[in-house]
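The values are calculated or read from the model by the stated rules, or taken from the named source; none is laboratory data. These numbers come from a predicted model, not from an experiment. As a convention, Cβ positions derive from the backbone with ideal geometry for all residues, glycine included, and neighbour counts pool all protein chains shown. Areas reflect the complete protein model, heavy atoms only, side chains present, ligands, DNA and RNA absent. Shrake-Rupley method; radii C 1.70, N 1.55, O 1.52, S 1.80 Å.
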Amino acid sequence: MRLDKYLKVSRLIKRRPVANEACDAGRVLLNGKVAKASSAVKAGDTIEIIFGTKTVKVEVLSVAETVKKEEARELFKYI
């Protein structure tokens, strides 16, 4: 699954265009490297998102095309 779509489905970032912009600006790291929006995400990857002064680091537990809002938190765990 594309990184920008995963960020939206997991609700780490609310909208896909915003996720796309974050990736283009270099504020999203996938396994420690700056990632493009089209980068492939799989279970076991680590994603680090820089929101201004706050940094969120998560580990991908599973990848799903669509998820209910309540189940979105089961796609990742905070590190």
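For the chain, the solvent-accessible area with a 1.4 angstrom probe is 63 square angstrom per residue. Once you list every other residue whose beta carbon is under 12 Å from the beta carbon of Glu65, what net charge do they have if Lys and Arg are +1 and Asp and Glu are -1? Taking every Cβ under 12 Å from that of Glu65, the sum is +3.
For the range 1-50, averaging the sequence separation of C-alpha pairs within contact (under 8 Å, six or more residues apart) and dividing by the residue count gives a relative contact order of 38 percent. Each Lys and Arg contributes +1 and each Asp and Glu -1, all at the Cβ; summed about the Cα centre of the chain, the dipole is approximately 180 debye. Of Lys54, Lys14, Lys69, which is the most mobile in a GNM of the chain whose springs link Cα atoms less than 10 angstrom apart? Residue with maximal mean-square fluctuation among Lys54, Lys14, Lys69: Lys54. Applying 0.36 nm per residue to the separation of Asn31 and Val67 and subtracting their alpha-carbon distance, the gain on full extension is 10.6 nm. Would you mind pulling out the separation of the Cα centroids of the range 40-65 and the range 23-39, in Å? Each part reduced to its Cα centre gives a spacing of 10 Å.
In the elastic network of the chain, a GNM with C-alpha springs shorter than 10 Å, the most mobile of Ala37, Ala22, Ala64 is Ala64. Diffusion coefficient (Stokes-Einstein, Kirkwood radius over C-alpha pairs, 37 °C, 0.692 mPa s) for the chain: 270 µm²/s, rounded to a whole number.
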